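Visitor: My questions all concern the structure below.
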Amino acid sequence: MSLLSALIAELTSLIEGSRDTQTMINDADERLEHAATTAHGATVGSSSLLPAEALAQLQSSRALLEEAQRLLNAGSGRWQSYIAVLSGGAGAGGAPQARPPLSATGATEQAARKIPGPAAHGIRPPTPSRHLLARIGRSTRLANKNTVILPGVDVDADLEAIRTGRAHWNTDTNRYEINGRTWGVEENGTVFPASGPGLAELTRSQLKALRALNIAEQPIGVWPKSHRKEPSITQSDWDRAAEIYRRHPRHNQGAP
């Protein structure tokens, strides 16, 4: 195996390991969330400071887990960009051909047009396991605010408009606006959906319910085993998740 192939294999292994770690972090976060919910219900009306301090520590632990998940996502995105560079092949001298780690689509137009906002330095597509409906699963990170991209949204077209300066850069919101949708860009250049047609905004509990539906892979109308057993998910959360779940490509039904 060449040094180049070995590097690619090592980076691929790191990405796979990162996904496994994300799954473990999600499991730990869910256990902490369940413990916090149970503890809160058991200590309602208590005048002791100990329960309140314990709950505060639980919430602090969950915040640390969420930060770890964010860093893992950022690292995975960077490793993937390195693989793209290394996979570009070798030049005459045997060294990898130089290529920007971020997407260079529309580079010619970028040179002729001043690109506003962070897209001037290049952008990456949204993280699939975080935002694509068909990819929501065990490794999906839960945040307080989440946006899922529904089937039918031409993500590539919106990104191309951002890359080439044809999307409006809103300096008040630090978001790009195109085709009625708004998109943000993380520090590492990864684009994330914010709001607009074809983008479903979900709370933490709603995304947790949608993730359970995706993992269970049941037909529409059949709830997973965790239905009504998760104290952090209300019936309205399940209903909202089911509304999005019916758009999953496996059902081939689309919006009602």
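The values are calculated or read from the model by the stated rules, or taken from the named source; none is laboratory data. Since we're looking at a predicted model, the values are computed, not measured. With ligands, DNA and RNA removed, areas are computed over all heavy atoms of the protein, side chains included. Shrake-Rupley method; radii C 1.70, N 1.55, O 1.52, S 1.80 Å.
Visitor: Kindly report, to the nearest 10 Å², the accessible surface of ILE115 as traced by a 1.4 Å probe over protein heavy atoms only.
Guide: Number for this one is 20 Å².
Visitor: Also, I was wondering about something else. Rolling a 1.4 angstrom probe over the protein chains, ignoring ligands and nucleic acids, what is the accessible area of ASP172 in square angstrom, nearest 10?
Guide: Estimated to the nearest 10 Å², ASP172 gives 140 Å².
Visitor: If you rank TRP183, TRP223 by how much accessible surface each has, with a 1.4 Å probe, what is the order from largest down?
Guide: Working: TRP183 0, TRP223 85 Å².
Ranking TRP183, TRP223 by accessible area, largest first, yields TRP223, TRP183.
Visitor: Here's another thing I want to ask about it. Quote the accessible area belonging to GLU230 in square angstrom, nearest 10, computed with a 1.4 Å probe and with ligands, DNA and RNA left uncounted.
Guide: Looks like 50 Å² after rounding.
Visitor: Using Cα centres only, tell me the gap between region 153-193 and region 195-245 in whole Å.
Guide: About 27 Å separates the Cα centre of region 153-193 from the one of region 195-245.
Visitor: Under 18 Å Cα-Cα from LYS225, which lysines qualify once same-chain neighbours fewer than 8 residues away are excluded?
Guide: LYS208
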